[in-house]
1. Hand me the trypsin sites (Lys or Arg not before Pro) from segment 126-158 located in a DSSP loop with no more than 14 other Cβ atoms within 10 Å, in residue order please.
2. Using Cα-Cα distances under 8 Å and only pairs 6 or more residues apart, what relative contact order does segment 52-99 have, in percent?
3. So what's the convex hull volume per residue for the Cα atoms of the chain, in Å³?
4. When ligands, DNA and RNA are left out and all protein chains stay put, how many square angstrom of accessible area per residue does the chain have with a 1.4 Å probe?
5. So if each residue of separation counts as 0.36 nm, and I subtract the Cα-Cα distance between residue 118 and residue 180, what length gain in nm does that give?
6. Would you mind checking which residues have amide H under 5 Å from residue 194's amide H? H placed 1.01 Å from N; only 5 or more apart, or other chain.
7. Name the most mobile residue of 170, 104, 138, meaning the one with the largest mean-square fluctuation, in a Gaussian network model of the chain with Cα contacts below 10 Å.
8. For residue 157, list long-range residues whose amide hydrogen, built 1.01 Å from N in the peptide plane, is under 5 Å from its own amide hydrogen.
Amino acid sequence: MKKKLLTLLMILITALSVNANYMPYYSDAIPNDALGLYQTLNEVKIYDSPSSNAKEKVYLKWDYNDMPEGVFAAFVPEKKLSFLYVTDVDEGWVEVIYDKGKNLRGWVKLDDPFMFSSWLTFYNMYGRKYGLKLMKDLPSDYKVLKSAPEDNSQVVSRINYPTKINLTALRGNWALVSVMDMDRTPKTGYLKWRSSMGEIYAFPEIK
């Protein structure tokens, strides 16, 4: 009986891990030179240059029950959404990172221009729909809402344990948000979602 229960538990754990979402939780998971994201289908051909004469470097194919490790910027199998970091753009091509551990990059042809989203487009599309989540390494001096999108502007309130962060608009490295904190009091102001060095501290909470 114990053996059957253990086997059932292992199957359940495997199923949960296979179908789990992947999102970045620390700022260093996102390259500082990333310009935005490329939304893939369930396969992608990656070339060595942005040219019609380019040679194929890598061909990736998967289903949404089996996520390749170290590839995606974000992966939401329930919605069949998968994204790669984009680090350069060149006339109908985007340079993507296809191996985050080794920082391997290559070029993908944009058959549909809407498959590339700048950070502004991505946040307006997914951040405004699902809200934002804060990175686990968010510096303490970023855990504040300000009256204006400026470093020297007045602090409106602090963020303690937010349960919901609704995005209204982006203003450069600042996001106008409404936060529901643990005290159930709504707070509105400007959150610094990205540092001047490109470190991202708030990411759309796609779910």
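The values are calculated or read from the model by the stated rules, or taken from the named source; none is laboratory data. A quick note: this is a predicted structure, and the numbers were derived from the prediction, not measured. Using ideal geometry, Cβ is built from the backbone for each residue, glycine included, and neighbour counts are taken over all protein chains shown. The area values use the complete protein model at the heavy-atom level, side chains included, leaving out ligands, DNA and RNA. Shrake-Rupley method; radii C 1.70, N 1.55, O 1.52, S 1.80 Å.
1. Values: sites: 128, 129, 133, 136, 143, 146, 158; in loops: 136, 143.
Here the trypsin sites (Lys or Arg not before Pro) that fit, given the DSSP loop and packing criteria, are 136.
2. Values: 46 pairs, mean separation 12.1, N = 48.
Relative contact order, segment 52-99: 25 percent.
3. 148
4. Numbers: 11800 Å² over 207 residues.
Here the residues of the chain average 57 Å² of exposed surface.
5. Fully extending the segment from residue 118 to residue 180 adds 19.6 nm.
6. 201
7. 104
8. Distant-sequence amide H within range of residue 157: 145.
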